[in-house]
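Asks: One structure, pasted below without further comment.
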Amino acid sequence: SLSKSFDGGYLLTGWLLGRGNYDQVVIKTDPYGESIWTSVQCGIESDSGHGVMELDNGSILVFGRTSSYNDATRDVMVTKYGLDGENHWYKMFIADFDSSHEYVKDSHKTSDGGHIVAGYTFAGNRDFFLLKLNANVDLTE
């Protein structure tokens, strides 16, 4: 995923093959595409980034999925990075579906300062999901 940052540079997220599993990668570039920093999250299983956005304070949210926690099911994960690419925290959201695999497809900031995350589940049949998160990246009803 690609997003323009406030300073004219770019934010990229995705995954790369690490030690047998996929690791989430986030890259911050200058306006010319030169890397300023790269951060790789190496969980015990696979982690990936599927959406990235910069917050008003310059920190970065990455929306993706993980199988490094919760008995290796694939769950939605939001990771916050600082201005220097340091991983500040992550939060997982386990969908209440008959599925063990959730895939994030898109994310956007909402007018109330929160976030909306869209994706699908897969366990034989595909189901669509939509998560509404508040400004603190907590699930809302």
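Asks: Among the residues of the stretch 45-60, which ones are open to solvent by less than 20 Å² (accessible area, probe 1.4 Å) and of a type in the set (D, E, K, R)?
Replies: Residue satisfying the conditions is Asp47 alone.
Asks: Separate question: Restricting the stretch 1-30 to residues that are part of a loop (DSSP other than H, G, I, E, B) and open to solvent by 70 Å² or more (accessible area, probe 1.4 Å), which is modelled with the lowest pLDDT?
Replies: Only one residue tops the list, namely Arg19.
Asks: Something else: Take the residues in the stretch 31-44 that are of a type in the set (Ser, Thr, Tyr) and open to solvent by 50 Å² or more (accessible area, probe 1.4 Å), then tell me which one is nearest to the chain's Cα centre (by Cα).
Replies: Out of the qualifying residues, it is Thr38.
Asks: Looking at Lys105, Lys109, which one is at pLDDT below 85 and under 21 Å from Tyr10 (Cα atoms)?
Replies: Answer to the check: Lys105.
Asks: Please work out if Glu86 is modelled with pLDDT of 90 or more, out of contact with any helix residue (DSSP H, G or I) (no Cβ under 7 Å at 6 or more places or on another chain) and not hydrophobic (A, V, I, L, M, F, W, C).
Replies: Answer is yes for this residue.
The values are calculated or read from the model by the stated rules, or taken from the named source; none is laboratory data. What you see is a predicted model; the values in this text were computed from it and never measured. Every residue, glycine as well, gets a Cβ built from its backbone with ideal geometry; the counts of neighbours run over all protein chains shown. Protein only, heavy atoms only, side chains kept; ligands, DNA and RNA dropped before computing areas. Shrake-Rupley method; radii C 1.70, N 1.55, O 1.52, S 1.80 Å.
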